[in-house]
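This report concerns only the one structure given below.
The values are calculated or read from the model by the stated rules, or taken from the named source; none is laboratory data. As the structure is a computational prediction, the values presented were derived from the model and not from experiment. Cβ sites come from the backbone with ideal geometry, for glycine too, and all protein chains shown count toward neighbours. Just the protein is used for accessible areas: all its heavy atoms, side chains included, with ligands, DNA and RNA removed. Shrake-Rupley method; radii C 1.70, N 1.55, O 1.52, S 1.80 Å.
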Amino acid sequence: MPDLRAGVAWRHYRDTNDNAVRFGVSIPLPVWDQNLGGIAEARETRAKVDAEQAVARATLLLTLGRAYETLSGASREMDLLRTSALPNIRTAVEGMESGYAQGRYTLLELLDVQNSATETAVRELEALLNFYTSLATIEGLTGAPLRLVGERSR
């Protein structure tokens with residue numbers, strides 16, 4: 001875009017004791033200056049922005065993939081714990097408590113089984129925490145709620 005400049009000046013001539021007013025208008029014409037440096041800089045800036053956008057996209061996709069893997073792993077672990085480990089450990093604790101009441105087991109054996117039951121319950125809570133953390137990450141990255149199969153309303 002040409003940059004229009006206008007100016008006004010006053011001048012006094014001592015030799016003749018005259019005063020004069022000068023008006024000036026200038027319009028630079030880009031005949032020899034094609035602004036090639038500015039154009040090249042704009043291209044390089046655009047290439048940099050495109051590269052940064054590609055890196056950010058790849059990072060987001062990697063984060064999304066990791067969150068999905070964590071989500072599916074935590075889901076499988078919760079299913080395994082809830083279908084076999086927790087019912088089996090509860091049965092073992094009940095049998096151990098019954099046997100302890102009858103004098104067949106020592107207190108140390110009973111406490112050991114109860115400790116295993118507690119560790120299994122804590123592991124289920126950790127899997128549940130990982131599941132919902134991954135779910136929140138996926139929903140945050142995609143911007144949409146994720147509906148799970150067999151999920152009731154939250």
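Output the residues belonging to region 106-124 that are surrounded by 12 or more Cβ atoms within 10 Å (Cβ to Cβ) and not polar (S, T, N, Q).
Across region 106-124, the qualifying residues are GLU109, LEU110, LEU111, ASP112, VAL113, ALA117, ALA121, ARG123, GLU124.
Of the residues GLY103, GLY73, GLY38, only one is at negative phi, at pLDDT below 95 and either open to solvent by less than 90 Å² (accessible area, probe 1.4 Å) or touching a helix residue (DSSP H, G or I) at 6+ places or on another chain (Cβ under 8 Å) (or both); which?
Testing whether each residue is at negative phi, at pLDDT below 95 and either open to solvent by less than 90 Å² (accessible area, probe 1.4 Å) or touching a helix residue (DSSP H, G or I) at 6+ places or on another chain (Cβ under 8 Å) (or both) leaves just GLY38.
What do you reckon, is ALA6 surrounded by 11 or more Cβ atoms within 10 Å (Cβ to Cβ), of a type in the set (Gly, Ala, Ser) and over 22 Å from THR142 (Cα atoms)?
Answer is no for this residue.
Would you say ARG123 is among the basic types (Lys, Arg) and modelled with pLDDT of 95 or more?
Answer is yes for this residue.
Tell me yes or no: at least one residue of region 122-129 is farther than 30 Å from ARG147 by Cβ and either assigned to a helix (DSSP H, G or I) or touching a residue at least 12 places away in the same chain (Cβ under 8 Å) (or both).
no
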